[in-house]
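The values are calculated or read from the model by the stated rules, or taken from the named source; none is laboratory data. Predicted model only: the values in this text are computed from it and were never measured. Reconstructed Cβ throughout: ideal geometry from the backbone, glycine too, with neighbour counts over all protein chains shown. These area figures cover heavy atoms from the full protein model, side chains too; ligands, DNA and RNA do not enter into them. Shrake-Rupley method; radii C 1.70, N 1.55, O 1.52, S 1.80 Å.
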Amino acid sequence: MPDSADSSNLMEALVSLAKRRGFIYQSSEIYGGLNGFFDYGPLGVELKRNIRDCWWRDMVQRREDVVGIETSIIMHPKVWEASGHVAGFSDPLVDCKVSKQRYRADQLFFAAVVVDGKTAGYVSALESERTAAELQEAAETFKRKKALQGALEPVKVREFTEATEAEIPLVPSPATGEPGSLTAPRAFNMMFQTNVGAMSDASSVAYLRPETAQGMFVDFKNVVDTTRVKLPFGIAQIGKSFRNEITPRNFIFRSREFEQMEMEYFIHEDADWAKAHEEWIMWCENWLKSIGLPESHLSRYAHPKEKLAFYSRGTVDIMFKYPFGVQELWGIAARGNYDLTQHANASGKPQEMFDEATKKKFVPHVIEPAVGTDRIFLAVLTAAYAVEDVKDEKGNVEQRTVLRLSPRIAPVKVAVLPLLKNKEQLTNRARALFEKLKRNYAVQYDDGGAIGKRYRRQDEAGTPWCVTIDFDTIEKPGDTFTLRERDSMTQKRITEAELFQLLAEHVY
Ligand code: GAP
């Protein structure tokens, strides 16, 4: 577990770098922002696009068994009835009647203060790395303030969803510290509603999709009938999803508008689903490593059988060590044939395939790897960020901030730097190289300031390589440049052909 001071410092540093260098801004910032919504700036949009493009290339274009689609954000409202979202896509909401704060009951914890075997009162704390420690400290303070004599028992941490009717009025609100203001948890549906057409009545209600997955189920037959897919095969989609989260938090980790990259992998009803499930978990882990996430930050969490939805055979989450703790990055669920069956029943249109061997029709089962692009974005920033002591040209120690992003996803692949901006021979050669590179790669031309300063600027943006066009380039034979490598800061001479070869090898 990260030390909480270090982790909040790291989070602050990431948020500040993201703003300073134009990765991420708060949405509608000049109006005070809107909680749970974010904008991606010039560097951020490149990084996000690269994450998305790598996923699409590896998941769809480079596989023969996966096809892509793009479905509408607003779908027929019956889709969400059949999928179970209208009835059940909710979080347990608790209100504090005094402070008007709202909490998710599964993120609010409480404990009885038990002194000499008797309950003297209750304490509460919000979910964090230190929930148990905070509750213990609060219990000790409670005992001291009330001048209670006797032995304090270690606190037993409980989720507010488990509070009994008698306990609810006794649990203090985290906002006021006083009991009596928290309501009982009630189901809060997280789908954003809108109206389609000119009339705003019950018949025109529609929803912004809370996941992209239903698009793949609803278009399943279209894809089967219009392409040559054969089981097992997948349908993938990247797109925006919307959830009216009660407590959006941790920057872009949990927001109200976010992007998902989901794939539904359809298998025969008799196929070895556990094997397919494990293969997809491994695929996802390897893919995350291929874009630079270190193995040390990744782990798995298998959902306990008793907590799974009735139709689910197993769900494993790939977890990432974020600055605020180990949290879900990518969920890989074995969902049986629940979704297709629901849509077949609700629409009256069979969602089946024909088995040539048995001459019988059946509803395929599905394995679903579902991940948020923004969560990957935050994970790569977390893993890439470093501040280190380095020596400048004169040997003085200074600090540099560097983003060690994989060249696959780095927003800028190469910065082209003429040593001097007022020497035409240098700038002409630099511009010629820049023009050639930019046909295939995201590159930057930077001629402003001392070369050391320019390197630092690129370090902070995560640019893997800088090439400097210097006097050796124009005066010595071979037309070579200085290639400066971001992570090791080593420099070597390289030709144009070698530079293109380096890029082809690392940017794929
Ligand atoms: N179709 C299945 C599905 O949507 P999910 O676990 O609710 O499953 C999948 O979401 C992934 O989407 C999560 O693992 C996470 O990466 C991302 N995600 C979910 N809610 C999010 C939110 N509020 N903000 C950012 N990403 C979110």
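Looking at (1) open to solvent by 20 Å² or more (accessible area, probe 1.4 Å); (2) within 16 Å of the ligand (Cβ to nearest atom); (3) of a type outside the set (Ser, Thr, Tyr), which one does residue 293 not meet, given that it meets all the others?
Exception for residue 293: condition (1).
Here is a check on your reading of the model: is residue 102 open to solvent by 60 Å² or more (accessible area, probe 1.4 Å) and within 16 Å of the ligand (Cβ to nearest atom)?
Yes, satisfied.
What number of residues within region 111-141 are assigned to a helix (DSSP H, G or I) and charged (D, E, K, R)?
Qualifying residue count, region 111-141: 3.
Would you check if there is a residue in region 296-309 being within 27 Å of residue 108 (Cα to Cα), polar (S, T, N, Q) and either more than 12 Å from the ligand (Cβ to nearest atom) or crowded, with 16+ Cβ neighbours inside 10 Å (or both)?
Yes, that holds for at least one residue.
Hey, does region 443-452 have a residue that's among the charged types (D, E, K, R) and in a loop (DSSP other than H, G, I, E, B)?
Taking every residue of region 443-452 in turn, at least one turns out to be among the charged types (D, E, K, R) and in a loop (DSSP other than H, G, I, E, B).
Would you confirm, using the coordinates I've provided, whether residue 83 is among the small types (Gly, Ala, Ser), touching a residue at least 24 places away in the same chain (Cβ under 8 Å) and surrounded by fewer than 20 Cβ atoms within 10 Å (Cβ to Cβ)?
It is false that residue 83 is among the small types (Gly, Ala, Ser), touching a residue at least 24 places away in the same chain (Cβ under 8 Å) and surrounded by fewer than 20 Cβ atoms within 10 Å (Cβ to Cβ).
Across region 209-237, which residue is surrounded by the fewest Cβ atoms within 10 Å (Cβ to Cβ) among those that are within 13 Å of the ligand (Cβ to nearest atom) and assigned to a strand (DSSP E or B)?
Restricting to residues being within 13 Å of the ligand (Cβ to nearest atom) and assigned to a strand (DSSP E or B), the top hit is 237.
Please verify whether residue 63 is part of a helix (DSSP H, G or I), closer than 30 Å to residue 229 by Cα and among the basic types (Lys, Arg), treating the condition exactly as stated.
no
Do any strands (runs of 3 or more DSSP E) lying entirely in region 326-389 carry at least 3 residues that are crowded, with 19+ Cβ neighbours inside 10 Å and modelled with pLDDT of 95 or more, and which ones are they?
It comes to 365-372.
Being of a type in the set (A, V, I, L, M), within 26 Å of residue 184 (Cα to Cα) and touching a helix residue (DSSP H, G or I) at 6+ places or on another chain (Cβ under 9 Å) narrows it down to one residue among 82, 18, 105; which is it?
Criteria check complete, one pass: 105.
Select from region 95-138 the residues that are farther than 26 Å from residue 326 by Cβ and of a type in the set (A, V, I, L, M) and write down the one among them that is nearest to the chain's Cα centre (by Cα).
98
With respect to residue 264, is the statement that it is buried (at least 21 other Cβ atoms within 10 Å of the Cβ) and among the acidic types (Asp, Glu) true?
It is true that residue 264 is buried (at least 21 other Cβ atoms within 10 Å of the Cβ) and among the acidic types (Asp, Glu).
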